[in-house]
Amino acid sequence: MTSSDQRPSLVEIDEYIERLFVSHDMVFEQALSDATEAGLPEIHVSPNEGKLLYLLAKLTGAKRVLEIGLLGGYSTIWLARAIGPKGELVSLELDENYVRVAGKNLERAGLLSLVDIRQGDARVTLEKMIQDGEAPFDLVFIDADKASYPVYLDYAVQLTHPGSLILADNVIRDGKVARSGETDPLVLGIQEFNRKLAANPKLEAILITVMREALDGLAIARVKD
């Protein structure tokens, strides 16, 4: 079999899409570089998925966004750019080092004024937001600890309005979610999240595959009118 007959790898396809549709941008590259230098795990969304988040926010006209899981601020930059200067993005993060790195990245990108970073346990923060009567969000993006995804979904439904989008990263886990008998708590958390997402009568939802070094996916749900 010649090389031209071989099926391209997931990485090759991902890189092909990125070359065509994601412009070279030093803001993003520096954000990733600073995150790596600070010792943050390399679990940020891919450039292609970042562009997808940006487009979904743009297409829905989102102006008020909730992000659960800040990390180094890479996805935050994509979402903040999408909502524009009149938008507001609330990002929840537990780790103080992540908050520090993300803050620097957002400041360099000229977007820090749009982002309200709330440090602490997301469950506690989300409960307080409910109790305080926080205004609903147009879009929620979940990308934090996977075992807590089912709980985050419950809060996301309470903090949105008809027509809002709820997005969640890492919902395929290299195909492991499709298998029974898994014992990894991360996979089990995502499996429960996916079941709850599909069964929630207030939502219309789907999972789409996302290509990286391994197969993963993004959950897309809309709150019904």
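The values are calculated or read from the model by the stated rules, or taken from the named source; none is laboratory data. Since the model is a prediction, treat every value here as computed from it, not as a measurement. Positions of Cβ are generated from backbone atoms using ideal geometry, with glycine treated the same way; all protein chains shown enter the neighbour counts. Protein only, heavy atoms only, side chains kept; ligands, DNA and RNA dropped before computing areas. Shrake-Rupley method; radii C 1.70, N 1.55, O 1.52, S 1.80 Å.
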Tell me which helices (runs of 4 or more DSSP H) are completely within segment 111-225 and hold 2 or more residues being in contact (Cβ under 8 Å) with a residue 12 or more places away in the chain and closer than 25 Å to residue 100 by Cα, or say none if there are none. 122-131, 149-158
Please verify whether residue 105 is open to solvent by less than 20 Å² (accessible area, probe 1.4 Å), among the polar types (S, T, N, Q), closer than 25 Å to residue 25 by Cβ and not in a strand (DSSP E or B), treating the condition exactly as stated. yes
Selection status of residue 88, in contact with a helix residue (DSSP H, G or I) (Cβ under 9 Å, 6 or more places away or on another chain), open to solvent by less than 10 Å² (accessible area, probe 1.4 Å) and closer than 16 Å to residue 165 by Cα: no
Expected single match for open to solvent by less than 70 Å² (accessible area, probe 1.4 Å), of a type in the set (Asp, Glu), touching a strand residue (DSSP E or B) at 6+ places or on another chain (Cβ under 8 Å) and within 21 Å of residue 169 (Cβ to Cβ) among 93, 18 is 93
Restricting segment 125-153 to residues that are more than 21 Å from residue 76 (Cα to Cα) and out of contact with any helix residue (DSSP H, G or I) (no Cβ under 8 Å at 6 or more places or on another chain), which is least open to solvent (accessible area, probe 1.4 Å)? 133
Would you point out which residue out of 184, 169 is farther than 23 Å from residue 133 by Cα and at pLDDT below 95? 184
Restricted to segment 29-47, and to residues that are open to solvent by 60 Å² or more (accessible area, probe 1.4 Å) and free of Cβ contacts under 8 Å to residues at least 24 places away in the same chain, which residue is nearest to the chain's Cα centre (by Cα)? 42
Of a type in the set (Asp, Glu), over 13 Å from residue 220 (Cα atoms) and open to solvent by 70 Å² or more (accessible area, probe 1.4 Å), is that true of residue 184? no
By residue number, the members of segment 2-22 that are part of a helix (DSSP H, G or I) and free of Cβ contacts under 8 Å to residues at least 12 places away in the same chain are 3, 4, 5, 12, 15, 16, 19, 20
I need the full set of residues from segment 74-101 which are among the β-branched types (Val, Ile, Thr) and part of a helix (DSSP H, G or I), in order please. 76, 77, 83, 99, 101
Regarding segment 50-62, can at least one residue be identified that is in contact with a Lys or Arg (Cβ under 8 Å, 6 or more places away or on another chain), at pLDDT 95 or above and either open to solvent by less than 20 Å² (accessible area, probe 1.4 Å) or part of a loop (DSSP other than H, G, I, E, B) (or both)? no
If residue 8 satisfies all but one of (1) in contact with a helix residue (DSSP H, G or I) (Cβ under 8 Å, 6 or more places away or on another chain); (2) open to solvent by less than 60 Å² (accessible area, probe 1.4 Å), what's the number of the condition it fails? (2)
If residue 116 meets every condition in (1) farther than 21 Å from residue 220 by Cα; (2) surrounded by 14 or more Cβ atoms within 10 Å (Cβ to Cβ) apart from one, which number is that one? (2)
Going through segment 23-46 in order, the residues found to be part of a helix (DSSP H, G or I) and of a type outside the set (A, V, I, L, M, F, W, C) are 29, 30, 33, 34, 36, 37
